[in-house]
Structure formats: structure tokens, C-alpha cells
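This report refers to the structure that appears directly beneath it.
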Amino acid sequence: PSITRGVTVEIPKVYWDDIGGLHNLKKKLKQSVEWPLKHSEAFEKLGVSPIRGILLHGPPGCSKTTLAKAAAHAAQASFFSLSGAELFSMYVGEGEALLRNTFHRARLVAPSIIFFDEADVIAAKRGTSSSGSSTVGERLLSTLLTEMDGLEEAKGILVLAATNRPHAIDNALMRPGRFDLVLYVPPPDLEARYEILCVHTRGMNIDNDVDLKKLAQETERFTGAELEGLCREAGIVALREDITATVIHNRHFQTVRNSLNPALTSQEID
Ligand code: ATP
């Protein structure tokens with residue numbers, strides 16, 4: 001029964017518009033994910049081999065997972081999600097079996113996207129682990145390499161991997177035909193923070209006194225995840241003040257803003 005543990009399959013209901021900022025990155029993903037998955041015959045006719053893997057890297061909470069899901073939705077692709085850490089922690093042989101099984105199922109229901117979170121945990125440079133557990137990582141990595149090489153014949157399958165530590169990824173995965181495209185997902189700048197705040201207040205009843213442009217200025221070094229949390233918390237503060245409240249005011253946002261310190265260091269932003 002454990003063979004399907006940790007795997008979820010669905011076409012995610014996430015849209016490009018749910019992601020604030022990152023306009024060029026979204027455009028790039030549209031071209032590299034949507035087109036090959038939706039129009040694989042066109043690529044075949046031209047004799048162009050589509051990209052098989054994309055590595056997304058950048059600080060946590062800045063929408064790597066959300067981008068992968070939006071890409072899957074746009075391409076109407078089944079979304080298989082695997083966590084490097086979870087694979088790593090499985091019993092001997094179980095992680096490899098889950099990997100092989102996931103690629104197998106992805107082929108059956110193509111177009112598919114296989115998303116690897118915390119990819120560096122299983123794709124770490126060989127021979128760098130200090131413990132005896134390195135063999136676990138090596139077996140997982142070699143299974144992943146075999147499966148990715150097998151995608152040559154498979155149509156409509158794309159592997160998206162996410163990591164906060166791109167330098168830890170084994171070079172073997174960076175060869176052509178594996179992760180052909182490496183994209184940096186940066187923390188949000190001023191404009192992106194404004195757009196993220198707009199996205200996450202879209203369904204909220206906020207008063208005219210809430211100035212999201214100003215709030216974007218006041219949230220330097222906040223990640224997308226933190227901005228999302230700030231909006232949700234502001235609603236909770238309003239309810240805590242008055243359980244019959246129907247509108248969220250600027251003071252509620254300010255209360256939350258003043259209680260938070262951004263997790264990102266300025267180093268991660270440069
Ligand atoms: P991790 O490395 O921790 O897995 P991640 O980069 O994959 O993080 P996500 O899981 O995609 O980040 O984002 C976390 C949450 O933050 C999501 O719920 C998402 O809605 C929100 N978020 C992050 N960035 C943005 C953005 N640019 N626009 C809108 N929401 C965002």
C-alpha cells in the first residue's frame with residue numbers, strides 16, 4: 001500500500017493570475033511547458049525535441065510550487081508531486097519503487113508534470129554526504145537519471161524540480177536532455193509585492209483606507225508566502241476585534257505588519 005504514499009494526482013486549479021509578479025518567468029514557462037505538452041505533435045513534425053526537465057531555484061515561499069501547478073493547469077496536465085525529503089526517508093528500495101511507479105503512472109495519463117520539491121535531497125552531488133546514508137541518495141539519483149533518460153520516447157511528460165540549493169544538485173542532472181532549463185525564482189520586488197497583495201485580498205472585503213501600494217513599500221524582504229499570511233492574519237485580527245466585522249481596515253493590516261519580521265535576509269535578495 002505504501003507504493004502510492006506521498007503521491008497526489010490531479011490537474012491543479014491554479015492559474016497564472018494567482019501569481020503576482022514574475023511576468024517574464026511566467027512567459028518563459030508558458031513557452032517551455034504549455035507548448036510542448038499541448039502540441040507535442042507539432043514539435044515532432046518539426047523534429048524539435050521538447051524540454052524534458054526544468055529546475056526552479058530560489059528562496060522558500062516565493063512560488064516555485066505554485067508556478068509548477070499553474071503550468072500544469074495551463075497545459076491541462078496531470079500533476080504528480082514528490083518530495084525529495086520524503087523519498088529519502090523511506091525504507092530501502094521503497095523510494096526507488098515510488099519514483100519508478102510515478103513515472104509509469106505519469107506516462108499512462110500523459111500529458112503529465114512530475115514535480116519534485118526539495119530536489120536537492122535526492123539529487124545531491126554524489127559522494128558529498130557525510131553519513132552512510134549516501135548510498136540511499138545515490139540509488140535514488142540513479143533511478144531518477146534512468147527514468148529521465150527514458151523520457152526520450154515518452155511524449156507529454158515534463159519533470160519540474162524545485163530547490164533552495166541549486167549548487168548542491170549533481171552535475172549529471174544538468175546535462176542536456178535532463179534539466180535543460182534552469183530558472184531562478186526571485187523574491188518579490190516592490191511591484192510584485194503589490195501584485196501579490198492584490199491577489200490575496202481579491203476575495204476579501206477590504207476598506208478603502210487600505211493602501212496596498214503603501215503596504216508593498218512597507219513589506220520589503222517579505223516572501224509571497226509571508227504576504228499571503230499577512231492578508232489572512234489581517235482578517236483574523238478584524239474578527240478578533242469584532243466577531244461581527246464585515247470589513248477589514250488598514251489598522252488591521254498595520255497591526256499584523258508591525259508584528260512580523262521578514263524571513264529573507266538581504267543576502268538572499270541580491
Ligand atoms: P518552498 O521552497 O518552501 O516549497 P515555494 O517557493 O515552492 O516554497 P510556494 O509553495 O509556491 O513557494 O508558495 C507558498 C505560498 O505563498 C503559496 O500559498 C502561494 O500562494 C504564496 N505565494 C508565493 N509567491 C507568490 C506570488 N508571487 N503570488 C501569489 N502568491 C504567492
Q) With each pseudo-label sitting 7 Å past Cα toward Cβ, what's the K30-E152 distance in nm, one decimal? A) 3.3
(Q) Between V48 and R232, what's the calculated FRET efficiency when r is the beta-carbon distance and R0 is 45 Å? Round to 0.05. (A) 0.55
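Evaluate E = 1/(1 + (r/R0)^6) for S259 and N205, where r is the Cβ-Cβ distance and R0 equals 25 Å; express this FRET efficiency to the nearest 0.05. Kindly include the intermediate steps, with their values, before the conclusion.
Values: r = 22 Å, r/R0 = 0.88.
It comes out at approximately 0.70.
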Q) Of the heavy-atom accessible surface of the range 169-270 (probe 1.4 angstrom), what whole percent is carbon and sulfur? A) 49
Q: Among R193, R221, R175, determine the one that fluctuates most according to a GNM of the chain built with springs between C-alpha atoms less than 10 Å apart.
A: R175
Q.
Could you give each residue of the range 110-123 its phi-based ³J(HN,Hα) in whole Hz, using Karplus coefficients 6.51, -1.76, 1.60 with θ = phi - 60°, and x for Gly or Pro?
A. 3, x, 9, 10, 9, 9, 10, 8, 6, 4, 4, 5, 9, 10
Q. Which value, to two decimals, describes the C-alpha radius of gyration of the chain once divided by 2.2 N^0.38 Å?
A. 1.12
**Q.** In degrees, nearest ten, helix 64-74 long axis to first principal axis of the chain (Cα)
**A.** 80
**Q.** Cα-based helix-to-principal-axis angle, 190-201 vs the chain, degrees rounded to 10
**A.** 80
Q.
Checking the cross-link filter: which aspartates and glutamates have an alpha carbon closer than 15 Å to that of K30, excluding same-chain neighbours under 8 positions apart?
A. D17, D18
Q: Mind telling me which of K26, K214, K64 comes out most flexible in a GNM of the chain, alpha-carbon contacts under 10 Å?
A: K214
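Pop the C-beta distance of R240 and E220 into the FRET formula with R0 = 35 Å and round what comes out to the nearest 0.05. List each step's numbers first, then the result.
Details: r = 27 Å, r/R0 = 0.76.
Efficiency for this residue pair is about 0.85.
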Q: Could you pull out the pairs from K27/K69; K69/K214; K64/K155; K26/K69 whose alpha carbons sit more than 18 Å apart here?
A: K69/K214; K64/K155
Q. Please state the relative contact order of the chain as a whole percent: Cα pairs under 8 Å, 6+ residues apart?
A. 24
**Q.** Heavy-atom surface of the chain, accessible at 1.4 Å and reported per residue (Å²)
**A.** 51
Q: Considering only T163, T244, T201, give the residue with the highest GNM mean-square fluctuation for the chain, with springs between Cα atoms whenever their separation is below 10 Å.
A: T244
Q.
Relative contact order for the range 87-234: what percent, with Cα pairs under 8 Å and sequence separation of 6 or more?
A. 23
Q) Quick one: net charge of K38's neighbours, Cβ under 15 Å, K/R +1, D/E -1? A) 0
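Using Cα pairs under 8 angstrom and six or more residues apart, how large is the relative contact order of the range 1-127, in percent?
On the way: 148 pairs, mean separation 43.5, N = 127.
That works out to 34 percent.
The values are calculated or read from the model by the stated rules, or taken from the named source; none is laboratory data. Remember, it's a predicted structure, so these values are computed and weren't measured experimentally. Positions of Cβ are backbone-derived with ideal geometry, glycine not excepted, and every protein chain shown enters the neighbour counts. Ligands, DNA and RNA are excluded from the accessible area calculation, which covers all protein heavy atoms including side chains. Shrake-Rupley method; radii C 1.70, N 1.55, O 1.52, S 1.80 Å.
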